[in-house]
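Contents: one structure, followed by commentary.
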Amino acid sequence: MKDRTAALRAMLSPRSVVHVGASEAGLYPAGIFRSLAASGIEVFPVNPNRQAVFGHDCFRSVRELPKVPDLAMITVDRAHVRPVLSDCVEAGIPAAVVISSGFAEAGQEGSAFQKELEAFSGKILILGPNCAGFANLSAGIVATRFAGSCCVGGISFVSQSGALMMALHGSFAARGAGLRYLVSVGNQVDVGAEELLAFFASDPGTTVAAAFLESVKDGRAFISALALNHAAGKPVVLVKAGRTAVGSALAATHTAAAAGEAKVFEAVCRQYGAILVDDIDDLVSTALLADRCGARLSRRTAWITQSGGLGSLLGDRAAKAGLPPPPFSDGLRSRLRELELVPAWQPILNPVDVRGEAMRGAAIRDVLLPFMQADEIDCVGLLFAKSPYRPIEAETARTIIAVRDEAPAGSGKPVIVVWVGNTSESYVDDPQATSAVVLLVRAGIPVFFQAGDAIGAVARLALWNEARRGDHAGLA
């Protein structure tokens, strides 16, 4: 196979798919076929035991298909995978996704079955086995079994865990994050996470690459992928399991992964500009923020709140993250005094604690505008401490959006909203929805529900920008 990048692009953007093992029962045999059929592409079910699957006439084998499809999805027992792949190669199908499990992750017997798949190297591109498929959200193609809509954007995510890939689809969707590719690699008999990260670097629609890894299949390829993304100005956000003895042992039973030396992995990430986080929530928050406004984030961030306690907490978290909020200039403090946003006896610090009524409705315009107009500020964070019974008002959201949009052309100064206390609202992909969260996310304003998540994501990306520009040595 001469051009694997082109082959990978074709695999993730098929116009026609054969699903071998399609059925109306079973999570993957039924779920994947339904998703493929709903994607609007040509789908051929193959199952010798069925006449039809969800109204689509079945073929007995790949050899009976009326045309050569772009991709084969395989959900058959592991013992039948090798002959199915042989049929695919003979038919000229260029790529296959092997969902079937029970290979190297299942011990010595499973490893023998996986060895059979390695013989197809160079003959057909293989994703898997023991994977959950993929989704190309920008093209509307879902070759996995999750349901529900999400925003389309620039985040491309690869995972060695299929369950986590599907779970994170829901997490990203609830936050209104814009997704491009979601890919599960499983045991990586052929296509590995490193190759996909390199593919994301060259993909013009990807703005940020993210990954959940249990192991690194090819160290040189991994380093090359990180370097390619860094050169392209694309942050790579990683969660790495198996960084402890317990995690390493569990990884080996899950995807036959050898976790590797944690300190070496961490050093490589620092050297080549990857953002290594400790948990999935941090990955989602950082990737979301990177996609929306990553290149414009810096330590020159102003934080505004109507809760002194929340402001104090955020200040502590920011300092701990290596990004203490900078003090405001005398000129900016004077302007805030003139607007009477802060009691005369109260010092004006960053975060600044303003009167509660100043953060509601149209009044928030007077709070936000001075910071949007200040050259010393690169980003503005608005911190709300409000219960679900007194949510952020839609009028408040509309005013925030209007002030953001009034900024001078080309300034691109990002606004971030943090709502601590929300337990009921999340983003819904509904054009009729008018809640504050939906309005803000729809306008491209990131919304967080924990102050620590917000400051952590801002700090990681601000320090990443500094390291890339050479302002500071390394990433904190």
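Any read-out appearing in this document is the output of simple, stated calculations on the displayed coordinates, not a laboratory observation. Everything numeric here is computed off the predicted structure, so don't read it as measured data. So basically every Cβ, Gly included, is an ideal-geometry build from the backbone, and we count neighbours across all protein chains shown.
Some observations on this one:
- Degrees, to the nearest 10: 245-255 long Cα axis against longest axis of the chain: 50 degrees
- Based on C-alpha pairs under 8 angstrom that are at least 6 apart in sequence, region 148-293 has a relative contact order of 25 percent.
- Whole-percent pair-distance distribution, where bins are 10 Å wide, for the alpha carbons of region 297-469: 10, 40, 39, 11, 1
- Contact order relative to length of the chain, as percent, for alpha carbon pairs under 8 angstrom and 6 or more apart: 11 percent
- Full-stretch length increase - Ala295, Ser13 - with 0.36 nm per residue and alpha-carbon distance subtracted: 98.7 nm
- In degrees, nearest ten, helix 394-405 long axis to first principal axis of the chain (Cα): 90 degrees
- Enclosed volume per residue, in Å³, of the convex hull spanned by Cα atoms of region 87-156: 121 Å³
- Long-range HN-HN contacts of Val46 with modeled amide H, under 5 Å: His19, Val20, Gly21, Ala22, Phe59
- Cα Rg over Rh - region 301-399, Kirkwood: 0.95
- Along principal axes, Cα extents of the chain, largest first, whole Å: 81, 48, 38
- Förster radius 25 Å - calculated FRET efficiency between Ser86 and Gln108, Cβ distance, rounded to 0.05: 0.60
- Under 5 Å, built H, 5+ apart or other chain: amide partners of Val97: Ala72, Met73, Ile74, Leu127
- Anisotropy class of region 1-130 from Cα gyration tensor, a/c 1.5 cut: oblate
- Alpha-carbon centroid distance for the pair region 332-397 / region 186-206, whole angstrom: 43 Å
- In a fully extended conformation the segment linking Gln373 and Ala394 would gain 5.2 nm over its present Cα-Cα distance, using 0.36 nm per residue.
- Total lysine pairs in the chain at Cα distances under 18 Å, for residues eight or more apart or on different chains: 6.
- For region 102-156 versus region 275-323, the inter-centroid distance based on Cα atoms is 34 Å.
- Calculation over all alpha carbon pairs of region 125-227 in 5 angstrom steps from 0 returns a P(r) of 3, 14, 25, 26, 20, 10, 2, 0 percent.
- Applied to region 24-41, the Karplus parametrisation 6.51 cos²θ - 1.76 cosθ + 1.60 on θ = phi - 60° returns per-residue 3J(HN,Hα) values of 9, 10, x, 4, 7, x, 8, x, 5, 5, 4, 5, 4, 4, 6, 7, x, 9 Hz, with x for Gly and Pro.
- Modelled label positions at Arg337 and Arg60, each set 7 Å beyond Cα in the direction of Cβ, lie 9.0 nm from each other.
- Placing a pseudo-label 7 Å from each Cα along the Cα-to-Cβ vector at Asp330 and Arg4 gives an inter-label distance of 6.2 nm.
- Residues whose amide H comes within less than 5 Å of that of Ile141, counting only those at least five positions distant or on another chain, are Asn136 (H built at 1.01 Å from N in the peptide plane).
- Evaluated on region 269-325, the Kirkwood hydrodynamic radius is 13.2 Å, with distances taken between all distinct Cα atoms.
- Euclidean distance between Cα centres, region 423-459 to region 19-70, Å: 38 Å
- Backbone geometry of region 186-192 corresponds, through the Karplus equation with coefficients 6.51, -1.76 and 1.60 at θ = phi - 60°, to 3J(HN,Hα) couplings of x, 7, 6, 5, 9, 6, x Hz, x marking Gly and Pro.
- Taking the DSSP bridge list for the chain and keeping only pairs wholly inside it, about 15 percent are antiparallel.
- Of His19, His80, His230, His169, the sequence from fewest to most neighbouring Cβ atoms within 10 angstrom is His80, His230, His169, His19.
- Stokes-Einstein translational diffusion, region 148-293 - Kirkwood Rh over all Cα pairs, 0.890 mPa s, 25 °C, in µm²/s: 164 µm²/s
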